[in-house]
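Bear in mind that the values in this text are calculations on the coordinates, not laboratory data. Here the structure is a predicted model, which is why all the values come from computation and not from measurement. Here the Cβ positions follow ideal geometry from the backbone for every residue, glycine too, while neighbour counts run over all protein chains shown.
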Amino acid sequence: MADELNRSRLDITDTRAPGAAQGRPYLSVNFACCGVYQRIYRSPDGSCYAGRCPRCARPVNFKVGQGGTSARFFTVS
Ligand SMILES: [Zn+2]
């Protein structure tokens, strides 16, 4: 099981209209593990945002879904 991944998963509501965005949407993530910020981009199919810490390669995965948060800044501890 991918328990390590599941702990850092959040629901994010993305209400942006298709085609309206310029470039790929991204989230700003503060990796508390190493005290660094990194942008993580939405997956090609639009179902999630996935990325990893630039220093220790800790993976993060934010699921896009209704009822989630509209925040664009996150801290991963
Ligand atoms: Zn790290």
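Laid out as a table, the results:
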item	result
Enclosed volume per residue, in Å³, of the convex hull spanned by Cα atoms of the range 24-77	72 Å³
R0 of 22 Å, Cβ-Cβ distance Ser47-Ser77: FRET efficiency to nearest 0.05	0.35
Label-point separation, Ser70 to Arg55 (7 Å along Cα→Cβ), nm	3.3 nm
For Gly65, distant residues with modelled amide H under 5 Å away	Ile12, Thr13, Asp14
Under 5 Å, built H, 5+ apart or other chain: amide partners of Arg52	Val60
